[in-house]
């Protein structure tokens with residue numbers, strides 16, 4: 001088989017099925033990445049969501065024996081929302097990060113990868129392949145960088161010449177020896193805007209992320225949010241876009257190429273107070289189709305409670321008092337008490353004082369005490 005010609009056929013087919021960009025890389029060991037991952041572990045910079053060992057994440061042959069190349073794909077997503085509702089007094093809203101707008105990208109990219117894989121099998125019967133999106137062992141960014149999709153920016157995102165960093169990534173490891181593409185030159189240069197703009201200093205230096213400080217990670221945790229980050233998340237319910245929105249390479253980048261990625265404004269910019277009483281069934285029906293729902297409703301509700309405290313929204317007081325007194329989840333009770341303290345009217349402090357007498361969970365009591373400290377400031 002002429003692999004160069006077959007590569008051109010695969011590229012042409014990828015356009016037919018709605019893949020915005022495709023690149024080809026060798027399946028060699030990702031040696032530089034291996035060193036970086038080891039340093040990440042040593043510095044405790046990992047999120048804990050990573051899959052596989054360092055070797056599995058950097059040696060494609062461990063995932064597919066006999067692998068010879070990796071096909072990397074990218075699909076662009078919008079950076080601007082049409083008809084975005086306004087957050088106003090009495091109707092404060094939270095926000096999901098752009099990467100969670102529209103239908104869960106894992107499903108959309110898997111569909112494209114499955115079609116691409118079927119095409120390979122049809123034309124190359126001896127093909128072996130393994131595809132993955134985001135939750136696989138390989139680093140989507142490292143593969144995309146090697147395959148010439150874009151360069152890895154200081155904000156730790158792949159930046160493409162065409163779409164900026166607003167792209168989803170996926171890959172197929174295969175035993176077909178496709179000719180590799182050339183990497184794209186890094187063009188961040190001296191620009192350090194993203195590093196300086198990160199609200200929590202999670203970008204330790206250009207291209208290195210301390211995931212434990214990253215708001216995108218923190219919004220997905222289920223425990224009490226550490227104190228130092230509570231004033232930083234603002235009204236974010238899931239994820240963070242700061243390091244992308246400030247990037248000059250993303251200026252005027254807004255692509256609406258896939259209907260699946262178009263956001264429902266009421267879903268990705270929802271009113272905060274209704275989130276506090278939403279049932280599991282309602283949550284699944286409303287938010288289940290988007291990627292930001294994967295951790296369930298508890299982190300979203302915790303973040304919504306913090307956002308209401310951030311806004312000092314007095315219209316939320318009754319609902320927060322109800323949660324503080326009645327919710328069976330300690331994280332929700334305690335966070336509600338903290339935000340009541342931030343809102344800080346007489347009803348808030350009286351409710352906390354009444355509740356703390358009956359509370360039995362030591363961690364919740366600590367949060368109630370934090371809430372009462374605002375009365376002294």
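The values are calculated or read from the model by the stated rules, or taken from the named source; none is laboratory data. A quick note: this is a predicted structure, and the numbers were derived from the prediction, not measured. Cβ sites come from the backbone with ideal geometry, for glycine too, and all protein chains shown count toward neighbours.
Quick check on the range 155-168. Is at least one of its residues farther than 17 Å from residue 98 by Cβ, in the same structural domain as residue 28 (by TED's automatic domain parsing) and touching a helix residue (DSSP H, G or I) at 6+ places or on another chain (Cβ under 9 Å)?
Yes.
Residue 152 versus (1) farther than 17 Å from residue 76 by Cα; (2) buried (at least 20 other Cβ atoms within 10 Å of the Cβ): which is the lone unmet condition?
The failed condition is (1).
Scan the range 69-108 for residues that are in a loop (DSSP other than H, G, I, E, B), farther than 27 Å from residue 305 by Cβ and in contact with a strand residue (DSSP E or B) (Cβ under 7 Å, 6 or more places away or on another chain) and jot them down.
Across the range 69-108, the qualifying residue is only 77.
Taking interchain pairs and intrachain pairs at least six residues apart, which have beta carbon atoms under 9 angstrom, with the first residue in the range 192-206 and in contact (Cβ under 8 Å) with a residue 60 or more places away in the chain and the second surrounded by fewer than 13 Cβ atoms within 10 Å (Cβ to Cβ)?
Here the result reads 204/43, each pair linking the range 192-206 to a residue that is surrounded by fewer than 13 Cβ atoms within 10 Å (Cβ to Cβ).
Taking the options 228, 266, 260, name whichever one is within 30 Å of residue 25 (Cα to Cα) and at pLDDT 95 or above.
260 is the lone residue from the list that is within 30 Å of residue 25 (Cα to Cα) and at pLDDT 95 or above.
Taking residue 218 as the residue in question, decide whether it is touching a helix residue (DSSP H, G or I) at 6+ places or on another chain (Cβ under 9 Å), at pLDDT below 95 and not assigned by TED's automatic domain parsing to the domain that holds residue 56.
When the stated conditions are applied, residue 218 does not pass them.
Exactly one of (1) touching a helix residue (DSSP H, G or I) at 6+ places or on another chain (Cβ under 6 Å); (2) closer than 30 Å to residue 232 by Cβ is unmet by residue 204. Its number?
(1)
Which one is nearest to residue 234 (Cα to Cα), of the residues in the range 269-292 that are touching a helix residue (DSSP H, G or I) at 6+ places or on another chain (Cβ under 9 Å) and in contact (Cβ under 8 Å) with a residue 60 or more places away in the chain?
272
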